[in-house]
Amino acid sequence: QNLESANFVLDESSDILEILCGNLDVFVKYKDLAQTWYHLMTSYLLYTMPTVTVVTLHHQAKDMMGIYKDYLNPLDEILFSAMEFDAHSVLTQCITQFRNNWWLSAHLADILYHAKQLDDTELQYGCSLREYTLLHYASELIFHEDFWSIGMDYFMECKKLGKSYLEIAVPRIPLENQNKALRVWSACEKHGLVSIGSNVCRVMSSAANQSDQLGLALIWSLQAKDLVSVTKISETILDNYIETGGFSNLDFLDQLGNNKLLSNRLMFLGKYREFHSLIKTQQQKKAADLLVSLVESNLGPPRFQITLLLDSLPLINDVDETSESSGVVMDSRQTHVLLKALEDMQIKKLLKESDMQKIETIRLALVTNLASSFLNEPW
């Protein structure tokens, strides 16, 4: 309408022409219409330097930031450093401004490092700038309920200090249940952190032991290959057997294989359970052979010898139905072994006053069995 009426004196028409001519003063006049300096810069360059290159962009940015100097914030400084291609300045400013969230700093440093825009020079922190940011981000993740395993992965990317940080952080990860503890241990094994994984197992073993879950405590101690703990828990299980006359939740012992060799007490515990299994299946001869070997081996605690001798009573004077000569289950040699064990206990004063009646019963049964075995054995 203004064009048709040849009216070119209106302020708006004049401003439009000034904008088309690239008059900076007009852009400044309407700067409030642009929310930020880079919005205004984009509009200005569209009319003045539409073919501007990124190399010279920072010169224009500096002028526009001067117009908005009263409205600038730290993010503007970061953007300006990026336009100057000053990667180190961008990263350090991100670290300074976003200390409550290291995601941006860590990933920016990693990208710059792999793009060969950030060197691996060791700083005063004892590591490179990239590793410094990764360590802080990993520290945020490691105690998160869902992302702790990702935090471990980030720590392992830090070749200089990652393992040292993990040695401090992993013991502080809350182990709310068995499943999480197993996952933490598996992650340690995955990253070759054997000693840290063993510490996790020891913590879980101690917790299970305190709650009287001795079978579970023994499993965790075996996982940690903690000989002292395995021996101590095995003895506690044996002591409980002396008091209660039974085992509970020890079926896993049948699956241990060579792990039984880790401790004499554990090997004894496994063999003793095997002895009871033979008794239940009416394999008296095999049970007797195993019982005598346990007495001879001295693998169990000395105080358990009397329990073994009491276990021999059902077998003494029993008849071996599988033998062609229908002989006794325990022969003379085996009986002598048990008698010697009985004498050793008395010599070493391992017996209580309350055990004396039991001892006399065992001695009488052994002597009787010895006589029977002499009669049934060939001369």
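Using a Gaussian network model of the chain in which every pair of alpha carbons under 10 angstrom is joined by a spring, one finds that among Glu296, Glu77, Glu176 the greatest mean-square fluctuation is at Glu176. Computed over region 104-207, the alpha-carbon pair-distance distribution with 10 angstrom bins reads 15, 45, 26, 12, 2, each value a whole percent. For the listed peptides 51-63, 140-152, a ranking on the average number of other beta carbons within 10 Å per residue, highest first, reads 140-152, 51-63.
Couplings 3J(HN,Hα) for region 93-102, derived from phi with the Karplus relation 6.51 cos²θ - 1.76 cosθ + 1.60 (θ = phi - 60°), are 5, 4, 4, 5, 7, 10, 6, 8, 8, 8 Hz, where x marks Gly and Pro. The angle between the Cα long axis of helix 178-190 and the main principal axis of the chain comes to about 70°, on a 0 to 90 degree scale. Rolling a 1.4 angstrom probe over the protein heavy atoms with all chains in place gives the chain an accessible area of 59 Å² per residue. Per atom type, region 45-177 shows carbon and sulfur on 55% of its accessible surface, probed at 1.4 Å. Think of the chain as a dipole: +1 on every Lys or Arg Cβ, -1 on every Asp or Glu Cβ, centred on the Cα centre; then among Pro302, Phe143, Leu72, Pro302 lies furthest on the positive end. Computed over region 67-108, the P(r) curve from all C-alpha pair distances, binned at 5 Å from the origin, holds 5, 25, 29, 23, 12, 5, 1 percent per bin. Cα-based values for region 101-143, radius of gyration first and Dmax second, are 10.3, 31 Å. Between Val328 and Asp320, the built amide H atoms are under 5 Å apart, and every one of these is 5 or more places off in sequence or on another chain.
Highest average first, the peptides 211-222, 177-188 ordered by how many other beta carbon atoms sit within 10 Å of their residues are 211-222, 177-188. Each Lys and Arg contributes +1 and each Asp and Glu -1, all at the Cβ; summed about the Cα centre of region 78-127, the dipole is approximately 180 debye.
Kirkwood radius and radius of gyration were both taken over the C-alpha atoms of region 86-163, and their ratio Rg/Rh is 0.96.
Translational diffusion coefficient of the chain at 37 °C, 0.692 mPa s, Stokes-Einstein with Kirkwood Rh over Cα pairs, in µm²/s as a whole number.
114 µm²/s
In degrees from 0 to 90, rounded to the nearest 10, what is the angle of the helix 227-244 Cα long axis to the longest principal axis of the chain? For 227-244 against the chain, the angle is about 50 degrees. Nearest 10 degrees is fine. How inclined is helix 37-48 to the longest principal axis of the chain, computing both from alpha carbons? With both axes taken from Cα atoms, the answer is about 50 degrees. Relative to the compact-globule estimate of 2.2 N^0.38 Å, the Cα radius of gyration of region 20-93 comes out at 1.12. Listed peptides 233-241, 347-355 appear in the order 233-241, 347-355 once ranked by packing, highest mean of other Cβ atoms within 10 Å at the front. A compact globular protein would have a Cα radius of gyration near 2.2 N^0.38 Å; the ratio found for region 1-155 is 1.51. In terms of its Cα atoms, region 178-237 spans 34, 21, 12 Å along the principal axes, sorted from long to short. Length gained on full extension, Asp120 to Val55, computed as 0.36 nm times the residue gap minus the Cα-Cα distance: 20.8 nm. Taken about its Cα centre, region 88-229 carries a charge dipole of about 140 debye when Lys and Arg each add +1 at the Cβ and Asp and Glu each add -1 at the Cβ.
The values are calculated or read from the model by the stated rules, or taken from the named source; none is laboratory data. Everything numeric here is computed off the predicted structure, so don't read it as measured data. Virtual Cβ from ideal backbone geometry, glycine too; neighbours counted across all protein chains shown. With ligands, DNA and RNA removed, areas are computed over all heavy atoms of the protein, side chains included. Shrake-Rupley method; radii C 1.70, N 1.55, O 1.52, S 1.80 Å.
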